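The structure under discussion appears below in the form of structure tokens.
The values are calculated or read from the model by the stated rules, or taken from the named source; none is laboratory data. This is a predicted model, so every value here is computed, not measured. Cβ coordinates were reconstructed from backbone atoms using ideal geometry, including for glycine residues, and neighbour counts include every protein chain displayed.
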């Protein structure tokens, strides 16, 4: 039987890590792929970016680390214009940057090492695209033992279709929120919250 992870674009899961909850005290804000080309066809981009900027400000006021993830691929090479983070994001020199080439921000990147260095066991997640890199990364984080909150009004994606069935970006965002609102693994804490309501500690 095929590995179900292959159907969601994730690498095979490390089943040895499932349910091994990380006992680390820290929380970090993880911003995934809010890059010019990634956002080009996404829904509510202006609103998501504005709310994410507010969320980043809240995180900084609470002295939480902010980590930015950037995707790269042949059509969006590193340092190209489309690869750059949206200029509205308040990136600071001390923020961690993670570069990836898979939907999973943990796969073949520095993310796990950076979170270990910061003693982080809880992630607050925002970004794009909801049904690809956001969902894959957030689920991988839960499997790896991190507590997780998806910021329900700070992620986005684009309209799509599959097998002749059209799906709007708004529907995908709503379904992603529904999915993470019910995620459950033994010992972990998972859920969704808006950018103003999410607890930062």
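In the stretch 155-168, of all residues being touching a helix residue (DSSP H, G or I) at 6+ places or on another chain (Cβ under 8 Å) and not in a loop (DSSP other than H, G, I, E, B), the one that is surrounded by the most Cβ atoms within 10 Å (Cβ to Cβ) corresponds to 155. Exactly one residue among 69, 91 is surrounded by 14 or more Cβ atoms within 10 Å (Cβ to Cβ), more than 26 Å from residue 170 (Cβ to Cβ), at pLDDT 95 or above and under 17 Å from the mean Cα position of the chain (by Cα), and that residue is 91.
Please pick out the residue among 97, 55, 64, 49 that is in a loop (DSSP other than H, G, I, E, B), touching a residue at least 24 places away in the same chain (Cβ under 8 Å) and either on the phi < 0 side of the Ramachandran plot or surrounded by fewer than 20 Cβ atoms within 10 Å (Cβ to Cβ) (or both).
Exactly one residue qualifies, and that residue is 64.
Exactly one residue out of 138, 142, 201 is part of a loop (DSSP other than H, G, I, E, B) and either closer than 16 Å to residue 29 by Cβ or in contact with a strand residue (DSSP E or B) (Cβ under 7 Å, 6 or more places away or on another chain) (or both): that is 201.
Quick check on my filter: what residues within the stretch 108-135 are in a helix (DSSP H, G or I) and within 13 Å of the chain's Cα centre (by Cα)?
Of the stretch 108-135, the ones in a helix (DSSP H, G or I) are 111-117, 130-135.
Hits for the stretch 108-135 are 111, 130, 131, 132, 133, 134, 135.
For the stretch 7-42, filtering for residues that are assigned to a helix (DSSP H, G or I), at pLDDT below 95 and closer than 16 Å to residue 131 by Cβ leaves 2.
Screening the candidates 105, 152 for the property of being in a loop (DSSP other than H, G, I, E, B), touching a strand residue (DSSP E or B) at 6+ places or on another chain (Cβ under 9 Å), under 25 Å from residue 50 (Cβ atoms) and in contact (Cβ under 8 Å) with a residue 40 or more places away in the chain yields one hit, 105. Listed by first and then second residue, the pairs linking a residue in the stretch 158-177 that is closer than 24 Å to residue 193 by Cα to a residue that is at pLDDT 95 or above and in a strand (DSSP E or B), with Cβ atoms under 6 Å apart and 6 or more places separating them unless they lie on different chains, are 158/42; 167/160; 169/158; 177/152; 177/192.
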